Each structure stands twice: as structure tokens, then as C-alpha cells.
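One structure below.
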Amino acid sequence: MSPTRTQARRAPTAEQNPADPPPHAPEAPFLRVTEIFRSLQGESTWMGLPCTFVRLTGCPLRCVWCDTEYAFHGGERRSLEDILEAVAAHGTPLVEITGGEPLSQRNAFLLAERLLDAGYTVLVETSGALDVSPLDPRAHKIMDLKCPGSGEVHRNLWSNLAHLTPRDEVKFVVADRADWEWAAAVIRERGLDARARSGELRALWVSPVWGAAELEPLAKWMLESGLPVRLQVQLHKLIWGATARGV
Ligand code: SF4
């Protein structure tokens with residue numbers, strides 16, 4: 001008897017391993033991951049707390065002062081379940097999803113949701129160049145708006161500002177006075193100062209490019225401005241050095 005069409009479709013091929021899932025089984029969600037590690041949170045209002053970092057691979061931007069170029073390529077393809085297990089093994093209630101630009105992988109949104117469902121406090125560090133609106137509102141966005149000195153100022157997606165909530169923080173990494181002047185103008189013109197004062201934004205940060213911008217003049221400009229911005233140094237680089245990885 002010749003097989004029906006259905007029987008023919010289900011017949012295993014010579015190459016098929018019996019351990020493989022059937023070809024029509026839905027694929028488990030996965031992400032490309034550069035590293036998962038536990039450290040002290042070095043930035044934001046969460047600075048100083050133990051935190052597990054999930055660094056996803058890939059970024060469509062190329063900031064001239066980028067300190068995580070090693071996350072642009074490579075990485076390891078890991079299932080969502082595997083990532084959740086690795087995070088649980090580190091045992092911190094605080095988790096940051098970072099990159100690279102983590103939102104360049106669609107499953108980053110699912111990862112945030114699953115971590116939140118599991119009871120973690122979740123920070124998502126994003127460039128602000130990609131749409132944040134699909135992100136679970138329980139997550140805390142740390143949005144790094146790009147100043148002209150980054151070479152990527154044209155990538156800022158200004159519609160993202162409408163999706164910021166009292167949980168969220170905005171950061172400007174400044175290389176020089178021109179960057180500071182630009183950041184101050186954006187803060188005023190887009191009403192971020194009023195939102196920070198009223199509590200509609202959790203914090204506004206200015207952070208010097210490591211090794212390129214001096215702290216003292218930046219502090220002076222900030223004081224002169226009267227803006228509700230905070231000065232941020234990268235705590236992890238003070239402790240472990242600027243090029244240390246996985247700490
Ligand atoms: S967005 Fe972040 S990871 Fe991407 S190039 Fe800029 S600093 Fe590097």
C-alpha cells in the first residue's frame with residue numbers, strides 16, 4: 001500500500017536524529033548573549049546594589065566612545081529558559097538587561113516580561129534609538145540619549161520620551177562642553193527638567209565620557225544651569241578599572 005500524503009510528510013528522513021524535535025514543533029525562544037554575570041550596579045539610582053547583568057549581543061549604533069564593542073558580534077545562542085536559570089543561579093533580586101543595544105533582539109521584550117513575572121526588579125539599559133513602547137511597563141528603562149559627540153545624535157528616537165514613566169531614568173554621556181550645552185537644551189526644550197522635578201521621571205543623569213571629560217568643569221556647568229540633573233561616575237570602573245569585563 002502506498003502511503004497517504006500525511007504519512008509521507010511524517011516519515012523520518014535518513015538525516016533526522018530521533019532526539020530532534022519534530023520539524024513542525026515551535027522553536028523555543030532564544031537570544032544571543034555575550035555574558036551573564038553578577039556585580040555591583042555601577043550607574044543609575046540603583047548604583048551600589050548587587051545586580052545580575054544579562055548582556056545581549058548586537059547593536060546597530062557605533063558611538064565613538066563605546067566601551068562595549070566586544071558585544072557587537074559573536075555571543076552565544078541561549079534559550080530563554082537557560083538565561084532565566086543562569087540569572088537565578090546568581091541570586092540577586094535586581095537584574096539589568098543591557099548590551100550592546102538589548103532591544104535590537106525582539107526576544108529581549110519577552111526576557112524582561114519573564115524576569116518580571118519571576119519577581120525580579122528589572123532595569124533595561126537602552127540607547128533610546130529603538131522603540132521602547134513594547135517593553136513591559138513594570139521594567140525600569142535607563143535611556144541613554146545620544147549627544148553629538150557620540151557621532152550618533154541623529155539616531156535618537158524622540159517619540160520614546162512619551163513612553164518614559166516615573167520608573168525611568170534618562171542619561172546623557174557628555175564628551176565636552178558642546179555635549180553638555182546640547183544636553184541642557186534638550187532637557188529644557190523637551191520638558192525633561194519639569195518631569196524630573198514633578199517625579200514623572202525618576203532621575204536625569206549626566207555622565208562624563210570615561211577618560212575624556214573632566215569632572216570639575218562639568219560639575220560647574222551643572223551647578224550654573226540650575227537643572228535637576230545628577231552627576232554620575234561609573235562606579236564599576238572606579239572599582240575594577242575601565243576595561244575589566246564580567247565584573
Ligand atoms: S548604543 Fe551603547 S553599545 Fe551601542 S555603540 Fe553606543 S555605547 Fe556602544
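The values are calculated or read from the model by the stated rules, or taken from the named source; none is laboratory data. What you see is a predicted model; the values in this text were computed from it and never measured. Reconstructed Cβ throughout: ideal geometry from the backbone, glycine too, with neighbour counts over all protein chains shown.
For the criterion of being touching a helix residue (DSSP H, G or I) at 6+ places or on another chain (Cβ under 8 Å) and over 17 Å from Glu43 (Cβ atoms), Leu227 passes.
Just one of the listed residues (Leu115, Leu80) is out of contact with any Phe, Trp or Tyr (no Cβ under 9 Å at 6 or more places or on another chain) and over 26 Å from Cys147 (Cα atoms), and it is Leu115. So in segment 50-69, with the set limited to residues that are out of contact with any helix residue (DSSP H, G or I) (no Cβ under 8 Å at 6 or more places or on another chain), within 21 Å of Gly149 (Cα to Cα) and not β-branched (Val, Ile, Thr), which one is nearest to the ligand (Cβ to nearest atom)? Restricting to residues being out of contact with any helix residue (DSSP H, G or I) (no Cβ under 8 Å at 6 or more places or on another chain), within 21 Å of Gly149 (Cα to Cα) and not β-branched (Val, Ile, Thr), the top hit is Cys66. Got at least one residue in segment 79-94 being of a type outside the set (Phe, Trp, Tyr), under 22 Å from Asp179 (Cβ atoms) and in contact (Cβ under 8 Å) with a residue 40 or more places away in the chain? Within segment 79-94, not a single residue is of a type outside the set (Phe, Trp, Tyr), under 22 Å from Asp179 (Cβ atoms) and in contact (Cβ under 8 Å) with a residue 40 or more places away in the chain.
Taken over segment 137-172, the criterion of being within 17 Å of Trp210 (Cα to Cα), of a type outside the set (Ser, Thr, Tyr) and not in a loop (DSSP other than H, G, I, E, B) is satisfied by Asp144, Leu145, Pro148, Gly149, Lys171, Phe172. Scanning segment 71-86 for residues that are surrounded by fewer than 16 Cβ atoms within 10 Å (Cβ to Cβ) and within 16 Å of the ligand (Cβ to nearest atom) returns His73, Gly74.
For beta carbons closer than 6 Å, sequence separation of 6+ or different chains, a first residue in segment 98-123 that is within 16 Å of the ligand (Cβ to nearest atom) and a second that is acidic (Asp, Glu) and modelled with pLDDT of 95 or more, the qualifying pairs are Thr98/Glu125; Leu123/Glu96.
For segment 156-180, filtered to residues that are more than 14 Å from the ligand (Cβ to nearest atom) and of a type in the set (Gly, Ala, Ser), the residue that is farthest from Arg197 (Cα to Cα) is Ala178. Using the structure shown, decide if Ala89 is surrounded by fewer than 12 Cβ atoms within 10 Å (Cβ to Cβ) and modelled with pLDDT of 80 or more. Here the answer is yes, as Ala89 does meet what is asked. If you go through segment 197-217 and keep only what is at pLDDT 95 or above and more than 21 Å from the chain's Cα centre (by Cα), you end up with Arg197, Ser198, Gly199. Scanning segment 220-240 for residues that are at pLDDT below 95 and in a helix (DSSP H, G or I) turns up Leu235, His236, Lys237, Leu238, Ile239, Trp240. Exactly one residue out of Gly91, Gly99 is small (Gly, Ala, Ser) and touching a Leu at 6+ places or on another chain (Cβ under 8 Å): that is Gly99. Among the residues making up segment 128-155, a single one is within 11 Å of the ligand (Cβ to nearest atom) and among the polar types (S, T, N, Q): Ser150. Taken together, Arg77, Arg106 contain a single residue that is modelled with pLDDT of 95 or more, within 14 Å of the chain's Cα centre (by Cα) and not small (Gly, Ala, Ser), which is Arg106. Scanning segment 119-165 for residues that are buried (at least 21 other Cβ atoms within 10 Å of the Cβ), touching a helix residue (DSSP H, G or I) at 6+ places or on another chain (Cβ under 6 Å) and of a type in the set (Gly, Ala, Ser) yields Gly128, Ala129, Ala139, Gly149.
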